[in-house]
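The values are calculated or read from the model by the stated rules, or taken from the named source; none is laboratory data. As the structure is a computational prediction, the values presented were derived from the model and not from experiment. Positions of Cβ are generated from backbone atoms using ideal geometry, with glycine treated the same way; all protein chains shown enter the neighbour counts. Surface accessibility is based on the protein's heavy atoms, side chains included, excluding ligands, DNA and RNA. Shrake-Rupley method; radii C 1.70, N 1.55, O 1.52, S 1.80 Å.
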Amino acid sequence: MSLVHVYSFAFDAHVVGTNQSSQQRLGLAASFGIIFGIFLKGFYGTATHSSVLYAEIMANLHGLDLCWVNGYRKIECYSDSLQAVALIRDGVSPHHQYANEIQSIRHLLRRDWIVAVIHTLREGNACADVLAKMGSSESSAQVVLDEPPPQLSSALHADALGVAFARD
């Protein structure tokens, strides 16, 4: 059984509407790869709340759920949100605003599989970043990808070459 890396990401995209009625549209995404540029599956979509933390949590939830459904049982789940990683690892009180979502993730983690939830820098999440930008302009909650879209080609190529990105 191969180790599957899941990169999840939420991205503050663009403002939709006029100044008085504007709302922030947040994209969320995850891409699955074994390593070195191999794309197994991914998704992108729009978060239903205009909270970056909510989008990060939902990207993790949808990404892990897709891994389970597709039979991947050895997972490293990377997120650039240290707060989301901490909430997932440590749990939350039942009164937390995202308690249901966090509990759903923690319930998934208790299944018969090996999952590590790991913090990474934003630069280490290039493929999920591209997909999240696509999600921010999408009206669907979730679009599942069996093949990488053309927008991912340079990010996948950089991953295959082992390109490292320095933090500014």
Stretched fully, the stretch from Arg122 through Trp68 gains (0.36 nm per residue minus C-alpha distance, one decimal, in nm) 17.0 nm
For the pair Gln142 and Glu76, the simple spin-label estimate (label points 7 Å beyond Cα toward Cβ) gives in nm 2.5
Yeah, region 63-141 with a ≥ b ≥ c from its alpha-carbon gyration tensor (a/c under 1.5 is rounded, else prolate when a/b outruns b/c, oblate otherwise) is rounded
SASA check, Glu76, accessible area w/ 1.4 Å probe, all protein chains in place, rounded to nearest 10 Å², comes out at 50
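Report in % the part of the accessible area of region 35-82 that belongs to carbon and sulfur, leaving out ligands and nucleic acids; probe 1.4 Å.
Details: 1030 of 1810 Å².
With neighbouring chains kept in place, the figure for region 35-82 is 57 percent.
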Two pseudo-spin positions, 7 Å from Cα along C-beta at Arg106 and at Thr48, lie apart in nanometres by 2.1
